[in-house]
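The values are calculated or read from the model by the stated rules, or taken from the named source; none is laboratory data. Because the structure is predicted, anything quoted here is derived from the model rather than measured. Cβ atoms come from the backbone with ideal geometry, glycine included; neighbour counts cover every protein chain shown. All accessible areas refer to the heavy atoms of the entire protein, side chains included, with ligands and DNA or RNA removed. Shrake-Rupley method; radii C 1.70, N 1.55, O 1.52, S 1.80 Å.
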Amino acid sequence: MANVSLREVYKYYENNETPAVADFNLEIKDKEFVVFVGPSGCGKSTTLRMVAGLEEISYGQILIDEKVVNDVEPKDRDIAMVFQNYALYPHMTVYDNMAFGLKMMKVSDVKRDKDGVPVKDANGREIPIMRHYTKAEIKEKVEEAARILSITEYLQRKPKAMSGGQRQRVAIGRAIVRNPKVFLMDEPLSNLDAKLRNQMRAEILMLRKRINTTFIYVTHDQTEAMTLGDRIVIMRDGFIQQVGTPGQVFDHPENLFVAGFIGTPQMNFFNAKLVKVDGSYCVNLYGKLFPVKEGVNAYLEEMKFEDSDIVLGVRPEHITLLKADSTEVSAAVLEAKVTVTEMMGSELYVHAVVGDGKEMVLRTPTAGLSKADRVSIADGGTIRFTLEPELMHLFDKAKETNLIPINVDME
């Protein structure tokens, strides 16, 4: 197993002054599962291919197990890679596909006599040699990987006789048998349908526990990133936007891009004002005042923050929908006109227009909705809602960064 370091890595393609990857710095711990995520063209696959040695780096260093590998051939980096398109040999059986890499590899050993006893030189030292795996060793490794991936019964089939999910298991198995220091996966589930993708995602989680190696996983799907990764690296236009655990990037996005990228549906953003009223900070949204939580208030007080225009971020699931028959009167209640609703089974996505025509969306459970509630959230209905202080995100309008540093105690 190994740690991986990327230090000030840049990638420029020929005749292009804009880097595909810029100032990429990341330390990946031994046995950590790190996910690179971002929109198409953000540089995540390029970064993965540089780690694999399939792309040359323009500047910087990549280290695997504390060794600089910038000029090391891919086959000598002790990594294994699973591609989006499986890349299986169609004329070979599953067994031969998984065994192929092992047949090419050599392993360090010592010279032995016909009885398998190590041979020693004149000084009594064992004589080191490099040898190919034996057929028995290859068979053992392939059958163990097949057992882990539940494809033992398919070992004599050819890829064309298998489903997409089964082929992807074979591609993963071909990587597993090599027992690499680093396991690289480039959007391995993107060719599968939604149901199979969910199933394979769970299987990758189980696989990770069984083989316990260092993983670098690339995806554009934030759900995969949030469910699989120990840490997530969110990228945009070649730059890292934030690195953190799934909880950190969800609960405390460092900028508007991360806030909008992580979460489904995406976070609502409102133009608002941060004001100080009676010695405490509040968010003024459409003339209604929403107090910030105590920790945020203390930080803003310490920084002597002045009244200013901000962007208020609130996730759809964090908007509190008031009951249609509620008689609550509050200075922190807003109204919105419903434009459309999406039935998602156990919950509804309610799209509405608030204030000066700003579109927003909120999520609400379907269980417990009264007849009056259902009328209010029907197309053209009017809803009343409020915001909870601990679930609001405050962003600098000009810089698009979170006003509150992630290390501030906001309780």
Subject >> Single unsatisfied condition, K337 versus (1) loosely packed, with under 13 Cβ neighbours inside 10 Å; (2) under 18 Å from K288 (Cβ atoms) >> reply: (1)
Subject >> Checklist (1) more than 19 Å from G165 (Cα to Cα); (2) over 15 Å from the mean Cα position of the chain (by Cα) applied to K195, failing item >> reply: (1)
Subject >> Filter result for V177 (touching a residue at least 12 places away in the same chain (Cβ under 8 Å), crowded, with 21+ Cβ neighbours inside 10 Å and closer than 22 Å to E32 by Cα) >> reply: yes
Original post:
Does N70 qualify as being surrounded by 13 or more Cβ atoms within 10 Å (Cβ to Cβ), at pLDDT 90 or above, not in a loop (DSSP other than H, G, I, E, B) and not aliphatic (A, V, I, L, M)?
Top reply: no
Subject >> Members of segment 250-278 found to be β-branched (V, I, T), open to solvent by 20 Å² or more (accessible area, probe 1.4 Å) and under 29 Å from the mean Cα position of the chain (by Cα), listed by number >> reply: T264
**OP:** Among residues belonging to segment 129-158 that are assigned to a helix (DSSP H, G or I) and under 29 Å from the mean Cα position of the chain (by Cα), point out the one that is farthest from T93 (Cα to Cα).
**Re:** I148
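Listed here are the residues, each with its yes/no results for (1) farther than 18 Å from F290 by Cα; (2) crowded, with 17+ Cβ neighbours inside 10 Å; (3) among the hydroxyl-bearing types (S, T, Y); (4) free of Cβ contacts under 8 Å to residues at least 60 places away in the same chain.
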| residue | (1), (2), (3), (4) |
| --- | --- |
| R363 | yes, yes, no, no |
| G368 | yes, no, no, yes |
| A378 | yes, no, no, yes |
| R384 | no, yes, no, no |
| L387 | no, yes, no, no |
| E390 | no, no, no, no |
| L394 | no, yes, no, no |
Subject >> segment 96-120, residues that are modelled with pLDDT under 85, in a loop (DSSP other than H, G, I, E, B) and open to solvent by less than 60 Å² (accessible area, probe 1.4 Å) >> reply: M105, G116
**OP:** For segment 183-216, name all the residues that are surrounded by 14 or more Cβ atoms within 10 Å (Cβ to Cβ), among the charged types (D, E, K, R) and outside any helix (DSSP H, G or I).
**Re:** D186, E187
**OP:** Please list, ordered by first then second residue, the pairs with beta carbon atoms under 6 Å, 6 or more apart or interchain, first in segment 45-58 and free of Cβ contacts under 8 Å to residues at least 60 places away in the same chain, second among the aromatic types (F, W, Y) and outside any loop (DSSP other than H, G, I, E, B).
**Re:** S58/Y10
**OP:** Check F83 against each of (1) in contact with a helix residue (DSSP H, G or I) (Cβ under 8 Å, 6 or more places away or on another chain); (2) at pLDDT 95 or above; (3) open to solvent by 40 Å² or more (accessible area, probe 1.4 Å) and name the one condition it does not meet.
**Re:** (2)
Subject >> Residues satisfying the stated conditions in segment 279-322, i.e. in contact with a helix residue (DSSP H, G or I) (Cβ under 6 Å, 6 or more places away or on another chain), part of a loop (DSSP other than H, G, I, E, B) and open to solvent by 50 Å² or more (accessible area, probe 1.4 Å) >> reply: none
Subject >> Meets criteria (over 26 Å from D23 (Cα atoms), out of contact with any Cys (no Cβ under 9 Å at 6 or more places or on another chain) and in contact (Cβ under 8 Å) with a residue 12 or more places away in the chain) for F215 >> reply: no
Original post:
Tell me, which residue of segment 359-373 that is in contact with a Ser or Thr (Cβ under 9 Å, 6 or more places away or on another chain) and not in a strand (DSSP E or B) is farthest from G263 (Cα to Cα)?
Top reply: D373
Original post:
Which of the residues spanning segment 343-358 are assigned to a strand (DSSP E or B) and over 15 Å from L321 (Cβ atoms)?
Top reply: M343, V353, K358
